[in-house]
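*Asks:* Provided herewith is a single structure, encoded as structure tokens, for subsequent inquiry.
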Amino acid sequence: MISSIKELRAHLERNMLKSSKIFIIGHNSPDFDAIGSCLGLSVLAMEYGKECYIIINDEDSKIEPGVKKIIDINREKYHIINKNQFLSKVDSNSLLIVADTNKQEMISVGDCLDLFKKVIVIDHHSEGPTSIQTEDKYISEAASSACEIVSRVLNGNRVRYNPEIANYLLAGISLDTKRFKQNTTSHTHDVAEKLINNGADIDYVNRLFLEEFESFCRISNLIINGTIIKKYSESLLDPIQVSFTLNRNHPCEVYLKEDYAKAADRMMKFSGIDAAFTIGFIEPGIVHISARSGKRVNVGAILSEMNGGGTHQTAGGRIKTDDIFKVEEELMKKVPIGLSEDENIAEEPQVIKVKQINKMRKD
């Protein structure tokens, strides 16, 4: 296990220089943090004069439009390839760097790890049973994002990067901190300042997050027609309330992974919601869970019990199943794991209502 940023910088330099080729990959259906950290690591590899490729194997329809725009702009310059192209290029001295995930099933080359001489993992999510087995990993749950970690590596090594890369790194940090509203430390703000000094444009980053109208309507309908709110404490004055959102009329409908994350984020904006879980299919037979919370509920601890994981306030997971309602039922039972021992937990959580969003907004 790599224990510090300084050690990570040295480890990356040493292993990049002695590798024939470098392949970099983020999690499937990459978000701004995954693509930003991959592009930042690619800049580092190019600084050392290495042949480097970024692997993205998702269909365009499964990639959020803002992320797809970044991929399309940089496909040629940073050698973004798919899995088949990777298989034609990999050799016995290739290095793989995995960014923004540590789970084997979350990367498209998870079944090809034995092709690499060495695998390095850089992540900020908690480990679990399916984490990639390697000693060459830097996992800091205290970091806001993979982009924060990669930015610290680039800045520490005094690597020059252009304003576009600074924008992508800042976008990744902004995504995982909810625009710097949570999961930040002094390192986070220091990195953001350095990115801006290197040319990052806050207006450009904000435009990346502008939601398309079609996406807005899809997520709004999912929330309004598919949300149940449950009380998990017996306190009359300050109960713990958790929302569970899924498409109850058409439970097999497939959404983008980012749709579930946005729905959970939006639920956390309503008064009185302590945690939000959004559940649905990202492909037939694969159920995805996105979770968000405030300070009173540890969603990372809850989802780690369901082969997922994350931080106290942001977590995710996926399960192979066709029974989405069974996943929801199991998730509801696991919620008390993430509650403080100081809370007076209700033996049978009370279902408040479906479609209570408008009333909550007025409150």
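No lab work stands behind these numbers, since they all come straight from the coordinates. Treat the numbers as computed from the prediction; the structure is a model and nothing was measured. Cβ atoms come from the backbone with ideal geometry, glycine included; neighbour counts cover every protein chain shown.
*Asks:* Where does each of 68-76, 272-280, 189-197 land if you order them by average Cβ count within 10 Å, highest first? Could you put the intermediate results ahead of the total?
*Replies:* Values: 68-76: 14.9, 272-280: 25.2, 189-197: 17.6.
Sorting 68-76, 272-280, 189-197 by mean packing, highest first, produces 272-280, 189-197, 68-76.
*Asks:* Also: Separation between the N206 and T134 pseudo-spin-labels, each 7 Å from Cα along Cα→Cβ, expressed in nm?
*Replies:* With each label placed 7 Å out from Cα toward Cβ, I get 3.8 nm.
*Asks:* Using the alpha-carbon atoms, what tilt in degrees (0 to 90, nearest 10) does helix 257-267 show relative to the longest principal axis of the chain?
*Replies:* That works out to roughly 50 degrees.
*Asks:* Hey, what angle do you get for helix 32-47 against the long axis of the chain, alpha-carbon based, 0 to 90 degrees rounded to 10?
*Replies:* 10 degrees
*Asks:* Distance between Cα centroids, the stretch 223-296 to the stretch 302-342: provide it in whole Å.
*Replies:* 11 Å
*Asks:* Same structure, new question: So how long is each side of the chain along the principal axes, counting just the alpha-carbon atoms, biggest first, in Å?
*Replies:* 62, 41, 41
*Asks:* Counting only C-alpha contacts under 8 Å and six or more residues apart, can you give the relative contact order of the chain as a whole percent?
*Replies:* Numbers: 721 pairs, mean separation 48.9, N = 363.
Averaging sequence separation for qualifying contacts and normalising by length gives 13 percent for the chain.
*Asks:* If you plug each phi of the stretch 163-168 into the Karplus form 6.51 cos²θ - 1.76 cosθ + 1.60 with θ = phi - 60°, what whole-Hz ³J(HN,Hα) values come out, in order, with x for Gly and Pro?
*Replies:* Using θ = phi - 60°, the values come out as x, 5, 5, 4, 4, 5 Hz.
*Asks:* Separate question: Counting DSSP beta bridges in the chain, what percent are antiparallel, to the nearest 5?
*Replies:* Values: 28 of 53 bridges.
Looking only at bridges with both residues in the chain, the antiparallel portion is about 55 percent.
*Asks:* Let me ask something additional. For the stretch 141-149, what does the Karplus curve 6.51 cos²θ - 1.76 cosθ + 1.60, with θ = phi - 60°, yield as ³J(HN,Hα) per residue in whole Hz, taken in order and with x for Gly and Pro?
*Replies:* With the stated coefficients, the stretch 141-149 comes to 5, 6, 6, 5, 6, 5, 5, 4, 4 Hz.
*Asks:* When a footprinting reagent is the concern and you count Cβ atoms within 10 Å, what order do V153, V90, V242 take, fewest first? Intermediate results must be reported in sequence, preceding the final value.
*Replies:* Values: V153 23, V90 19, V242 27.
In order of increasing Cβ crowding within 10 Å: V90, V153, V242.
*Asks:* When the Cα atoms of the stretch 5-208 are enclosed in a convex hull and the volume is divided per residue, what value in Å³ results? Kindly include the intermediate steps, with their values, before the conclusion.
*Replies:* Details: hull volume 22.3 nm³, N = 204.
Value for the stretch 5-208: 110 Å³ per residue.
*Asks:* Quick one: net charge of I35's neighbours, Cβ under 14 Å, K/R +1, D/E -1? Mind showing how you got there, number by number?
*Replies:* Working: positive: K62, K68, K69, R75, K77, K257; negative: D31, D33, D58, D60, E64, D72, D100, E164, D176, E258.
The answer is -4.
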